Structures are given as structure tokens and as C-alpha cells.
Amino acid sequence: MKHTGDSEPDELGLSLKEAISASISRGKLVPGATNDINSSSMVPTFANPFWKEMVVLSKRSILNSKRRPELFGTRLAAVLVTGFILATVFWQLDNSPKGVQERLGFFAFAMSTTYYTCADALPVFLQERYIFMRETAYNAYRRLSYVISNALVALPGLIFLSFAFAMATFWAVGLDGGLSGFLFYFLMMFASFWSGSSFVTFLSGVVPHVMLGYTIVVAILAYFLLFSGFFINRDRIPVYWIWFHYLSLVKYPYEAVLQNEFENPTKCFVRGIQIFDNSPLGVVPPAMKVRLLQSLSNTLGIRITSSTCLTTGLDILKQEGITDLSKWNCLLITVAWGFLFRILFYFSLLLGSKNKRS
């Protein structure tokens, strides 16, 4: 018995609509057909090979994105507006103790912003859920194909958003590192957008309603920021909450950009009388600060002048409790979080949809 219809999808390369129709017609018994075990075993599980599904689904995702340009436009506008505000508020920070505190605030806000701007990806799958469930129920395509194509189509947009934010803030704020520092800053931004997008995509696979999804996203991201190490150092977090510190998606980008900024051991941030700036003695006249510094120097038996460096970038990293991971490890962990959430998204689709072919 020849099955010419079964070989046609592979030879001719059906469109997605034709593949769905063909898969449904071959997956369900039709009137007059016999339930022949031998013939049913010869019917291929999917209408098209894996790579062809990838191409078709990617094209469809790109087409859907073109039909809804306001989604990406909104994200880009949010990123540019946020970048502009941060650049103007934290314009050309100096290397003083106050400049250090301002840098910490800038990095914490900037890293959390990358995650919050990913929240608009939540309704994308929720709007496609019915179509996805209907199509995969009859093996029109593999769920893995959908997950991978979804991730690949999202990458160019994430790269563009990362570059736009990095360009808007790095040199305007006066961050350190030159070109190499900028490249790492851009890579960290991209990794943050990638993990944030993957996290939101995973939630869209398990949360049935948009408003409920937004509530969960905002709440979890707030907890991530709380335990990132900005509000309270790792060494000061209670033991029973330390596990959340290591689960925080904001922790790793935040620590990475701090190391990128303060890793230069020769760069000084506190010299001489600047040691009094973040204390009640900061309002004392400079002449009095000099005398206080001389008295302190005599008491300690160490020569401390107005030009003596008292705090370097490495000292700041130690003060912030950033000593356990290098910036490259933080980058890799952030990227790994993105892959993990994509895998969890796949399993949520696998468990949330049922195959109806018989």
C-alpha cells in the first residue's frame, strides 16, 4: 500500500496552514477509513522536519512583530526615556565619596530597569496561547521548535535595546573603563535583557491572565531588587533569606557592572579630608578638616595628607560585599538564567498542552 500523501509534506515543503490541515487530516480517522495498525504506523508524527518548522515559525513571529510595531516601539521608548533621565540626573559623576554613592544608585536602578521593561512581553504568548494549543494538539509542529524560534526572533530586538541603553548612559554618566568597559557594560545589558525576557516568557506559559501576570512580575522583580545587594549587603542579609539573594536575577548584573566600574586598583575615590564627607563632620570648614586629619594622622602614627588615597575601587567592592564572583562569572550566570527560563517555558508548554492525535 503506497502512502503518497504522507511523503508530500517533506518533498514539497508545505506552508504552516497546509501543514496544520495535513496533520489534522492524517491524525484523525476519516469516514470510510480502516483503523489499520500498519498504515497508521507509517504516518509520520510531524508534517515537517524540525528545521523547516523553525523557519516557518520564525517567519510567522517576525510577521506578527511587524503587524504590532507598537510593542517594540513602546519598549524602545521606555529604554531611551529611562536612559535619558538617568544620563541627565547622574551626569558626569565625579570620583568623590558622594560620586560613589551616586554610582551605586545608578547601577541599581539601571539593572532593575532592564527587567521591568521586559514585562511587556507577557501578553505576547497569552494572545497566541489558543492558536498554539490548537496547532500543537495535532502535531502541526514541535513545541521545541516554537520555543527556540521564539527565542531567536527576540534576540535582535534585545541586542538593539541593550545597545541603545548603553549608548545613552555609559559616557553621559562618566563610567570608567573606556571602550573595553563599554563593551562589557553592553554585554551585561544584553544578558540582563535576555534573562528578563526569558523570565517573563516563562511566566506567560504558566500564568493564564495578563493582569495576574503583571502583578506577579512586578512583585517578583521588586523582591529581586531588594535582595540584589544594593539595599542591604550580602553579609548583612539574615541567614534565612540568603537563598533569595542568590536567586535574585538583579544580583548578578548589579555586581558585574560594579566590578566593571571599580576594578581599577589605582583609581582613588576618597582622598585626605574627603574621609569626613559622609559623616556629620562633612559640614565642618575645610581648615578644620585639615587639622582633624593631622590629629588623626598623629594618633595612628601614619602620615595622612590631603592627597593620600584612603579608599580605592577595590575597597568599595569589599565594602559592598562583592568578593565571591568575578564579573565574567556574573555575566555567564545571567546568560544561564535566560536559558534556564527558556527550558522551563518549554516544560510549561509540554505539560500545559495535550496531544489529541489518535
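The values are calculated or read from the model by the stated rules, or taken from the named source; none is laboratory data. Computed from a predicted model, the values in this text were never measured in an experiment. Neighbour counts are summed over all protein chains in view; Cβ atoms, including those assigned to glycine, are modelled from backbone coordinates with ideal geometry. SASA here: full protein model, heavy atoms, side chains in, ligands and nucleic acids out. Shrake-Rupley method; radii C 1.70, N 1.55, O 1.52, S 1.80 Å.
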Against the longest principal axis of the chain, how steep is helix 143-173, in degrees 0 to 90 to the nearest 10, with axes from Cα atoms?
20 degrees
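What percentage of the solvent-accessible surface of region 39-123, computed with a 1.4 Å probe over protein heavy atoms, is contributed by carbon and sulfur atoms?
Roughly 69 percent of what the probe reaches on region 39-123 is carbon or sulfur.
Highest mean first, how do 320-330, 249-259 rank when packing is the count of other Cβ atoms within 10 Å averaged over residues?
Details: 320-330: 16.3, 249-259: 26.6.
Output ranking for 320-330, 249-259: 249-259, 320-330.
Over the chain, average the accessible area per residue using a 1.4 Å probe and give it in Å², no decimals. Walk me through the numbers before you get to the answer.
On the way: 18420 Å² over 358 residues.
The answer is 51 Å² per residue.
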Would you please put 205-212, 135-142, 342-349 in order of how densely packed they are, using the mean number of other Cβ atoms within 10 angstrom per residue and starting with the highest?
135-142, 342-349, 205-212
I'd like the orientation of helix 286-300 relative to the chain: the angle between its Cα long axis and the longest Cα principal axis, in ° from 0 to 90, rounded to 10.
90 degrees
Give the angle, between 0 and 90 degrees and rounded to the nearest 10, that separates the Cα long axis of helix 210-226 from the longest principal axis of the Cα atoms of the chain.
30 degrees
Unmatched cysteines, the chain - criterion: no other Cβ of a Cys under 4.7 angstrom:
C118, C330
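Restricting to DSSP H runs of at least four residues, report the calculated mean residue ellipticity at 222 nm for the chain, -39500 (n - 2.57) per run over all residues, nearest 500 deg cm²/dmol.
-22000 deg cm²/dmol
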Rounded Å value of the spacing that divides the Cα centres of region 141-169 and region 290-351:
29 Å
Quick one: Karplus J couplings for region 97-106, per residue in order, coefficients 6.51, -1.76, 1.60, θ = phi - 60°, nearest Hz, x for Gly and Pro?
x, 5, x, 5, 4, 5, 5, 4, x, 4
How do R60, R143, R134 stack up against each other in accessible area, from largest to smallest, with a 1.4 angstrom probe?
R134, R60, R143
